[in-house]
1. Quick one: which residues, 5 or more positions from Gln130 or on another chain, have an amide H under 5 Å from its amide H? H modelled 1.01 Å from N in the peptide plane, none for Pro or chain starts.
2. Could you pull out the longest piece of the chain with no exposed loop chymotrypsin sites (Phe, Trp or Tyr not before Pro) in it, calling a site exposed if DSSP puts it outside H, G, I, E, B and it has at most 12 other Cβ atoms within 10 Å?
3. Multiply the residue separation of Ser55 and Cys35 by 0.36 nm, subtract the distance between their alpha-carbon atoms, and state the gained length in nm to one decimal.
4. Taking 7 Å along the Cα-to-C-beta vector as the label spot, tell me the Ile242-Glu106 distance in nanometres, rounded to one decimal.
5. At 1.4 Å probe size, with the rest of the protein present, what percent of the exposed accessible area of region 265-325 is carbon and sulfur atoms?
6. From the helices alone, meaning DSSP H stretches of at least four residues, give me the mean residue ellipticity at 222 nm for the chain, per-run term -39500 (n - 2.57), in deg cm²/dmol to the nearest 500.
7. Would you list which lysines come within 28 Å of Lys70, measuring only between C-alpha atoms, while excluding same-chain residues fewer than 8 positions from it?
8. Using packing as a proxy for protection, rank 96-108, 62-74 so that the peptide with the highest average count of other Cβ atoms within 10 Å comes first.
Amino acid sequence: MNILLTSAGRRVSLLRAFRRAVENLKGSKIMAADCDSTAPTLIEADESFILPRVSSDRYIEELINICEQKKIDLVIPLIDPELPLLASSKDIFYKIGCIVAISSPETVNIGNDKLATWEFFTSNNIPAAQTFMEEEVQEKLIRHELSFPVIIKPRCGSSSQGIIKCDTRDQLSFYISKENDIIIQELLLGPEVTLDIMGDGQGGLLSLVPRKRLKIRGGEVERGITVDDGLFYDYVAKIVQILKPFGAINIQCFITGGGPVFTEINPRFGGGYPLADTAGAQFPEMLIALARGEKVKPRIGQYQRGLLMSRFDEAFFIALENDPLGYSLMEL
């Protein structure tokens, strides 16, 4: 089983989880690709490849070439911008014997568009943060119908980038005039929880591991703790039944006095997945089994509660004269 992590960046822990999952499959390799030759995961991988940026017209073509040449069985996309491309191209990969761990284009589009996410939640009676487009907010400001504070988010943003808190009408009006393609959302108070979810692609829920976010750095959880799934199971089962995600997704929510209120769907592995994995999630093993056409038994509730993750930075140090990945830094 040859597995390729794309846009692999700093996801060393995730790569190691997949390596563990194939340790009994002889001849398997865990490979990685990124547009940056200094990405840490490229160093950890069994083989590494440089791809153009996701925005390049050559991205899919060159990725397909790698998959053909290296006989890749399973592709794991890891950043939001590549998800629509791979969701719409997965049949091409399938024809060359490669499974892309991604949901349908419709599910990916719902997750990548925060307005569509809110519309999905509300139309299916799932508690969601009040969300408005700019035009609607302008009307509410005129009628004094908007409660503060609120937050501004890019409609299709990721990694908590571009989020702005507004405490007053003047602040909101100022930032609305400066930003494009945004949504305005009520500011929710209470603990924020990420739900790591594994779906079988047919509407079946295979695993759910909730983790409370304790500290965030650069849009990614630095410290977190696993919590009980009782508050979330019914909502998650309903979401999975409707969206039919294939592989790993994560959903964000806040715990309010009235229970969980949902904000986002990310149809990919979350940056904090290593906590769920260490708690017993086994998403790589299940995903590999699905890709091999095997029957996968759900592992609902089979994880360790109260497991704390406190991350710190590690580093690879490479003597550049050996130039293992083709760096050109020595020429500077």
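1. Long-range HN contacts for Gln130: Glu186.
2. Details: sites that count: Phe312, Phe316, Phe317.
Here the longest segment lacking exposed loop sites spans 1-311.
3. Values: separation 20, 0.36 × 20 = 7.20 nm, distance 1.08 nm.
My answer for the length gained is 6.1 nm.
4. With each label point 7 Å from Cα toward Cβ, the separation is 1.2 nm.
5. Numbers: 1650 of 3330 Å².
For region 265-325, the apolar C and S fraction of the accessible surface comes to 50 percent.
6. Working: 11 runs with 102 residues, N = 332.
Rounded to the nearest 500, the figure is -9000 deg cm²/dmol.
7. Counting by Cα, and skipping residues close in sequence, Lys70 has these lysines nearby: Lys26, Lys29, Lys90, Lys95, Lys295.
8. Details: 96-108: 20.5, 62-74: 18.0.
Top of the packing list down: 96-108, 62-74.
The values are calculated or read from the model by the stated rules, or taken from the named source; none is laboratory data. Being a predicted model, the structure only gives us computed values, none of them experimental. Cβ sites come from the backbone with ideal geometry, for glycine too, and all protein chains shown count toward neighbours. Side chains are part of the model used for accessible areas, which takes the heavy atoms of the whole protein and leaves out ligands, DNA and RNA. Shrake-Rupley method; radii C 1.70, N 1.55, O 1.52, S 1.80 Å.
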